[in-house]
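K.L.:
This is the structure I have questions about; it appears just below.
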Amino acid sequence: MFKTLTPIFALIIAAGLGFTYVQPTLVDIKRLQTEEKEYQNTIEKASKLKESIDKKKAEINAFDAISVSRLLTMIPDAVDPVLVVMNLDNLASEYRLSLSNITIKELEESGGGAAATPEELVDPEGGESSVSEKAPVIEKEIGFTLTGTYEDFTEFLGSLEKSLEFFEVVNLEFSKEEGDLFDFDITLHTYTFNPEK
């Protein structure tokens, strides 16, 4: 009798183990397989992002130090308006021009290409990335009047044009003074990188 009951007890124990241990273990295995797929997708996205960052670093490192130095001179991290005005005054005095009526104001942030966040650099689905338009530079306006001859003024503008500092002449008006002298009212824009972008 015991021999016939042993297989029945073994089946009951096996069924009990199936419901109490095997079934939950299978559910855990399926859950872990799903998590593994998610982690694999995340690893692939991170790998693409790393490739993109490495490519950008290689592009940045390809610039020689002189070019980077010139770029930072052209569009620096910060501009001291007083120093800019002093430089302009020194340049004006080289061409026998007198500088007066100085105004300085910071304008609204300039638009343009924007620094992207790491999430925006790579779109894993292959679509276009949605980089928002942020202002990468801060624009300052410097206004002043130069008094001198037309010839000296054109030489001043030629020297200003060749300067490594980036100045954009946005307005120029002139009026006749006594003799050969003119008043040249100039408005310049200068730019700095926006540290918050």
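K.L.:
Inspect region 169-178 for any residue being surrounded by 11 or more Cβ atoms within 10 Å (Cβ to Cβ), touching a residue at least 40 places away in the same chain (Cβ under 8 Å) and out of contact with any Lys or Arg (no Cβ under 6 Å at 6 or more places or on another chain) and give the result as yes or no.
P.N.:
Looking through region 169-178, none of the residues is surrounded by 11 or more Cβ atoms within 10 Å (Cβ to Cβ), touching a residue at least 40 places away in the same chain (Cβ under 8 Å) and out of contact with any Lys or Arg (no Cβ under 6 Å at 6 or more places or on another chain).
K.L.:
Which number in (1) surrounded by fewer than 12 Cβ atoms within 10 Å (Cβ to Cβ); (2) at pLDDT 80 or above; (3) acidic (Asp, Glu) marks the one condition that residue 77 misses?
P.N.:
(2)
K.L.:
Right, another one. Every residue in region 56-73 that is of a type outside the set (Val, Ile, Thr), part of a helix (DSSP H, G or I) and exposed (fewer than 11 other Cβ atoms within 10 Å of the Cβ), please.
P.N.:
57, 58, 59, 61, 65, 67
Table: residues versus (1) more than 21 Å from residue 78 (Cα to Cα); (2) of a type outside the set (Ser, Thr, Tyr); (3) exposed (fewer than 14 other Cβ atoms within 10 Å of the Cβ); (4) at pLDDT below 65.
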residue	(1), (2), (3), (4)
92	yes, yes, no, no
117	yes, no, yes, yes
136	no, yes, no, no
139	no, yes, no, no
142	no, yes, no, no
150	yes, no, yes, no
154	yes, no, yes, no
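K.L.:
Okay, next question. Have a look at 15, 46 and point out the one that is in a helix (DSSP H, G or I), modelled with pLDDT under 75 and surrounded by 10 or more Cβ atoms within 10 Å (Cβ to Cβ).
P.N.:
Being in a helix (DSSP H, G or I), modelled with pLDDT under 75 and surrounded by 10 or more Cβ atoms within 10 Å (Cβ to Cβ) holds for just one of 15, 46, which is 15.
The values are calculated or read from the model by the stated rules, or taken from the named source; none is laboratory data. Just so you know, these numbers come straight off a predicted model, no measurement behind them. Neighbour counts run over all protein chains shown; Cβ positions are idealised from the backbone, glycine included.
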